[in-house]
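Undergrad: I have a structure I would like to understand better, so I am pasting it below and will then ask my questions one at a time.
The values are calculated or read from the model by the stated rules, or taken from the named source; none is laboratory data. Model, not experiment: these values are computed from the prediction. Don't worry about glycine lacking a Cβ; one is built from the backbone with ideal geometry, like all the others, and counts go over all protein chains shown.
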Amino acid sequence: MISATCVAPVNIALIKYWGKRHEDLILPVNDSISMTLSTDELCAKTTVTASESFETNRMWLNGEEVPFEGSPRLQRCLKEVHRLAVANGSQKVPPSWKIHIASVNNFPTAAGLASSAAGYACLVYSLSRLYDIPLNEELTTVARQGSGSACRSLYGGFVQWHRGALDDGSDSVAKQIAPSSHWPNMHVLILVVNDERKKTASTKGMQQAVKTSQLIKHRVDKVVPERITQLREAIANHDFQTFAEITMKDSNQFHAIALDTFPPCVYMNDVSHRIVSFIHDYNEIMGGYHAAYTFDAGPNACLYVLEENVPHLLDAIQKVFPSDSFDSDTYLRGLSVPKVDK
Ligand code: PMV
């Protein structure tokens with residue numbers, strides 16, 4: 001028996017991935033850029049064990065068994081890892097041995113907090129340790145086939161997932177733009193508005209967007225390429241003003257496309273919109289961008305803010321969103337005690 005245990009953090013997209021050009025290989029229609037959080041907050045932890053005595057491949061997520069054989073994505077990741085093990089001449093685990101996977105998230109699963117990104121990144125990295133495969137761009141193509149955004153969580157700091165041009169997906173890889181030490185005072189506050197599972201899974205939301213949204217083509221052709229260049233430059237220059245503006249605009253455009261999808265996908269709720277207004281008012285009062293919001297496929301807000309501005313922003317959030325000002329339980333969590341990634 002042989003085991004490996006790893007931890008992988010979530011990444012939060014600044015320029016969103018939304019839409020695939022190949023469903024099975026998970027090839028995106030546009031490049032995306034994200035920041036990977038540190039390992040002390042939102043993480044997946046996975047143990048993979050291979051043994052001669054296991055009869056089948058099995059997996060448990062947060063303590064409950066999930067059907068391994070019923071998941072083409074899990075199977076594809078394992079198959080790709082086997083392929084890379086052969087290519088790398090690794091003989092650490094005999095190919096006939098079955099594996100057991102136990103994974104836990106320390107945050108709500110599928111609530112638009114990038115749980116699948118952390119989960120598949122953690123699974124693929126754990127498998128790479130087990131099978132003795134190096135962490136390189138090729139490994140990001142394996143994580144990508146579990147969940148697209150997972151390829152970005154294999155690296156820390158700021159990461160770009162390149163859409164690639166080849167049909168086999170071999171150039172659709174994640175590359176680090178800069179490590180987290182490049183901009184060490186960049187913080188993320190997560191405001192958990194609602195931790196229930198999202199209504200429309202991102203796979204379905206993306207399929208329908210590509211099929212029905214008229215805005216998505218404009219985004220892919222005209223908007224994203226320019227934003228990628230500008231955001232890379234902003235990161236390189238520690239330019240928070242440009243960083244914040246692009247991040248907020250891209251979140252808004254992603255949700256505009258979700259609404260332009262037919263039938264529409266509604267991921268943000270009233271509280272999310274109140275947070276957006278609050279951040280714009282706050283920035284106006286502060287006389288420049290002191291905080292930037294972004295929302296994934298759910299109502300929860302991720303706020304980017306520089307370390308020196310965290311206490312003031314937290315104070316303002318607590319004044320505007322006091323925990324007793326909401327009558328529904330779902331609104332309270334996180335707004336009264338935001339989770340701060342250090
Ligand atoms: O990788 P998926 O299928 O969970 O899709 C992630 C999509 C967004 O989180 C909304 C955007 C992104 O780039 O992470």
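Residue-wise test of (1) touching a Leu at 6+ places or on another chain (Cβ under 8 Å); (2) without any contact (Cβ under 8 Å) to a residue 60 or more places away in the chain; (3) within 14 Å of the ligand (Cβ to nearest atom).
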position: His218; (1), (2), (3): no, yes, no
position: Lys222; (1), (2), (3): no, yes, no
position: Ile228; (1), (2), (3): no, no, yes
position: Phe243; (1), (2), (3): yes, no, no
position: Ile285; (1), (2), (3): no, yes, no
position: Pro311; (1), (2), (3): no, yes, no
position: Leu314; (1), (2), (3): yes, no, no
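Undergrad: Can you name the condition, by its number, that Ala118 falls short on among (1) in a loop (DSSP other than H, G, I, E, B); (2) under 18 Å from the mean Cα position of the chain (by Cα)?
TA: (1)
Undergrad: Looking for whichever is of a type in the set (A, V, I, L, M, F, W, C), in a loop (DSSP other than H, G, I, E, B) and without any contact (Cβ under 8 Å) to a residue 40 or more places away in the chain here; the options are Phe68, Phe54, Phe107. Which one fits?
TA: When all the criteria are applied, what remains is Phe68.
Undergrad: So which residues in the range 25-49 are among the polar types (S, T, N, Q), surrounded by fewer than 24 Cβ atoms within 10 Å (Cβ to Cβ) and either within 12 Å of the ligand (Cβ to nearest atom) or modelled with pLDDT of 95 or more (or both), if there are any at all?
TA: Once the filter is applied, which keeps residues that are among the polar types (S, T, N, Q), surrounded by fewer than 24 Cβ atoms within 10 Å (Cβ to Cβ) and either within 12 Å of the ligand (Cβ to nearest atom) or modelled with pLDDT of 95 or more (or both), the range 25-49 yields Asn30, Thr47, Thr49.
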